[in-house]
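These notes are about the structure you will find just below.
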C-alpha cells in the first residue's frame, strides 16, 4: 500500500519559509502571489495489505515522528 | 485562486532525507515501512480569477524558484 502524507504548519502559526518564498517570488515579478505556505509531502510504501493496519500505522508515525503536533497538522490518504 | 504544488525528488535521484526517516521509523518499530520519499508541499494563494493565467504563473514559479528541475519534479492543481 502507498500512503501520501501532507504535513503543514498550522494556520495559527507563522511560516517564515513561506514568507521568504513569497518575497522571493515578488522580487522575481510574480505580483499576483498573495500568500505562500510550505509544508512537507511524504510518499511511504507500506508492506501490508490491510487498509485499517496501514491507516493506524501512518497515523501513529505522523504523531510520533513525521509531524510536530504543536505547530503542524497532517492529513493522509492511502491507496492499494 | 489557490494552487497546491508538490515538489518531489526524481525517482532516479537519491533521497537521503527519506532514507533517514525510513531508518528512524524502523527503529521506532514501524517494520512495515518499505520506502519513504520526502518532498515539499506548497499552498499558494493567487490574486487572479483566470485559470490559464494562474496555471502559467505557477508553472513559471516552479521552474524559476520552487523546484530544481535537475533533481526534482513538480505537479500542481489549481482550484478557484
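What follows is calculated from the coordinates using simple rules that are stated; it is not laboratory data. These numbers were taken from a predicted model, which means no experiment stands behind them. Neighbour counts are summed over all protein chains in view; Cβ atoms, including those assigned to glycine, are modelled from backbone coordinates with ideal geometry.
Report the Cα centroid-to-centroid distance between segment B:18-65 and segment A:1-78 in angstrom, as an integer.
8 Å
Which distances in nm, rounded to one decimal and ordered from shortest, link the label point of residue B:17 to the equivalent label points in the other identical copies, with labels set 7 Å from Cα toward Cβ?
0.5
Over the Cα atoms, compute the radius of gyration (one decimal) and Dmax (the largest Cα-Cα distance, rounded to a whole number) for segment A:1-75, in Å.
Here Rg and the maximum Cα pair distance are 16.0, 49 Å.
Taking the axis that carries chain A onto chain B, what is the nearest Cβ in chain A, and at how many Å, to the whole number?
Taking Cβ atoms only, the nearest residue and its distance are A:41, 2.
What nm distances, shortest first, do you get from the label point of residue B:79 to those in the other copies when the point sits 7 angstrom along Cα to Cβ?
Label-point distances to the other copies, shortest first: 1.7 nm.
Residue separation times 0.36 nm, minus the C-alpha to C-alpha distance between residue A:59 and residue A:26: what's the value? It would help to have the intermediate numbers written out before the result.
On the way: separation 33, 0.36 × 33 = 11.88 nm, distance 3.68 nm.
Gain on stretching residue A:59 to residue A:26: 8.2 nm.
Taking each pair of distinct Cα atoms in the protein assembly as shown once, what is the resulting Kirkwood hydrodynamic radius in Å? Don't jump to the answer; show the numbers that get you there.
Details: mean 1/r = 0.0600 Å⁻¹.
16.7 Å is the Kirkwood radius here.
Tell me the mean residue ellipticity at 222 nm calculated for chain B from its helices only (DSSP H runs of n ≥ 4, each -39500 (n - 2.57), averaged over every residue, nearest 500).
-9000 deg cm²/dmol
Find every distance from the label point of residue B:28 to the corresponding label point in the other copies (7 Å from Cα along Cα→Cβ) and write them in nm, one decimal, shortest first.
So the distances to the same position in the other copies read 3.3 nm.
Within segment A:1-36, which residues have the backbone N less than 19 Å from the label spot 7 Å out from residue A:77 along Cα→beta-carbon, could you tell me?
Taking a point 7 Å out along Cα→Cβ of residue A:77, the residues of segment A:1-36 whose backbone N falls under 19 Å are A:1-8.
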